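Just below is one structure, and these are the notes that go with it.
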Ligand code: ARG
């Protein structure tokens, strides 16, 4: 076993190994802050220009990858500030006037998260687009619909796929809603009590594109709700992905044989040459656990914290970054996988026709002829039981077989097919072809591609 390296207290304290990811946001925040300091005459225009030029320079170093990170300087904020002073001299020390790392880190996180949410919403649109194309292609594909994973009633595959579209739509709303709470400027709260300078917070908010400024300095430096909300929205999204992944895994098994996952999304086995393992779907399902873990882990970190800033809050970052990366990666995979599924229409139709998926339709037939639904349900159940005992399916029955159970049966009972069953379900939100076509049109409108 590798001996774990002993770490020093300063290494234990350091957030640099992970908060360096916030470097460019930190610089953006500092530039806005420096401009504000000049605007309210806390520093001169010349001093601010020097500071801004220095920060832009440091930004270039970071982009080029030759910024000299120094772990002794604990975090990204101190690294950048020290580098600024190295570059422009003591005037660089004026940047931290009317600011604390406590409001600075809250700012960096919000800037980072707003961008991450934008990217996720864009990703969700692409994913929905992929679902829509897939659904449209399968407007005529009939599958068995399931409850309790038992065949229940025939449905259109497009209808089932649009169910995932709906989930994604709610996910998008949740992320956009979470954005509103992230879109609040905490800078200007100082360490916790505000700052003894006449600063202009609205100026900074405008510079950085924030909707509003935080109204309470203590809350501003302690609040990480926006991270919790984001991780919760991400958890729900991943739960949805995991359910779709599970269906893809089931449906691509030999037992179902409904579809094949595209070549890029399966792996072979090292010993069994016939295998097409749905590893990408399995990993999407598996990674969901990590994203849930990040949410619960961070909620646990927060639950005992007194106000205001406590160093525990530094634990917000790694889980957040991991969640962002996992969600963005999984979004790409799920969109790609949805685009590359090939469905065996005849096999799905056969599965829908077999078993007793039309039993409800037989009851509904009797109801249409005036029988109370409860009685009709009883008769349909007896017919199913009889047919099963003879090892037959409903489509093997003749009109006279039906008539034995009720006089209300007529020749038209044989007209019930999976297609007629589907198209009878015309209630708003139902699986009838006409309803699903409307739903597809609505989905297009929602995505704004009309
Ligand atoms: N690295 C810290 C964090 O991530 C930055 C804020 C530190 N503030 C402090 N007073 N030590 O939360």
Fewest to most Cβ atoms within 10 Å: 379, 328 sort as 328, 379
Proxy exposure order for 400, 355 (fewest C-beta within 10 Å first) is 400, 355
Comparing 413, 142, 227 in a Gaussian network model of the chain (Cα, 10 Å), the one with the largest mean-square fluctuation is 413
Placing one equal point scatterer on each C-alpha of segment 229-332 and summing with Debye, one gets log10 I(q)/I(0) at q = 0.12, 0.13, 0.17 Å⁻¹ equal to -0.51, -0.57, -0.80
Over all directions, segment 126-182 yields a Cα convex hull whose mean projected area in nm² is 4.9 nm²
Once normalised by the length of segment 88-229, the mean sequence separation of its alpha carbon contacts under 8 Å that are 6 or more apart gives a contact order in percent of 30 percent
Fewest-first ordering of 36, 272, 333, 211 by Cβ atoms within 10 Å yields 272, 211, 333, 36
Quick shape summary for the chain, equivalent ellipsoid via Cα gyration tensor, semi-axes whole Å in descending order, reads 60, 23, 19
Kirkwood Rh over alpha-carbon pairs of segment 280-320 plugged into Stokes-Einstein at 10 °C, 1.306 mPa s gives a D in µm²/s of 138 µm²/s
Mean shadow area (nm²) of the C-alpha convex hull around segment 378-450 is 6.7 nm²
Nearest-0.05 FRET efficiency for residue 373 and residue 149 at R0 = 35 Å, using Cβ-Cβ distance, is 0.90
With 0.36 nm assigned to each residue of separation and the Cα-Cα distance removed, residue 53 to residue 393 gains 114.4 nm
In a Gaussian network model of the chain with springs linking alpha carbons closer than 10 Å, the residue among 126, 360, 147 that fluctuates most is 147
In whole Å, largest first, the alpha carbons of segment 23-162 cover along the principal axes 75, 33, 28
Taking every C-alpha to C-alpha distance in segment 162-221 and binning by 10 Å from 0, the per-bin percentages run 22, 37, 19, 14, 6, 1
Taking only C-alpha positions in segment 221-290, Rg and Dmax in angstrom work out to 16.4, 57
Of 407, 103, 423, the most mobile residue in a GNM of the chain (C-alpha springs, cutoff 10 Å) is 407
The rounded separation in angstrom of the Cα centers of segment 82-156 and segment 388-405 is 55 Å
With -39,500 (n - 2.57) per DSSP H segment of 4 or more residues and division by the full residue count of the chain, the 222 nm estimate, nearest 500 deg cm²/dmol, is -20000 deg cm²/dmol
At q = 0.16, 0.18 Å⁻¹, the log10 of I(q)/I(0) for segment 300-450 from a Debye sum over equal Cα scatterers comes to -0.98, -1.12
So the pair-distance distribution of segment 202-257, from every Cα-Cα distance in 10 Å bins, comes to percents of 19, 25, 21, 15, 12, 9, 0
Note on segment 1-61: C-alpha Rg/Rh, Kirkwood Rh, two decimals, gives 1.25
Over all pairs of different Cα atoms in segment 137-237, the reciprocal of the mean inverse distance gives a Kirkwood radius in Å of 17.3 Å
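Values quoted throughout were computed directly from the atomic coordinates according to the rules given, and no laboratory measurement underlies them. A quick note: this is a predicted structure, and the numbers were derived from the prediction, not measured. Cβ: placed from backbone, ideal geometry, glycine included. Neighbour counts: every protein chain shown.
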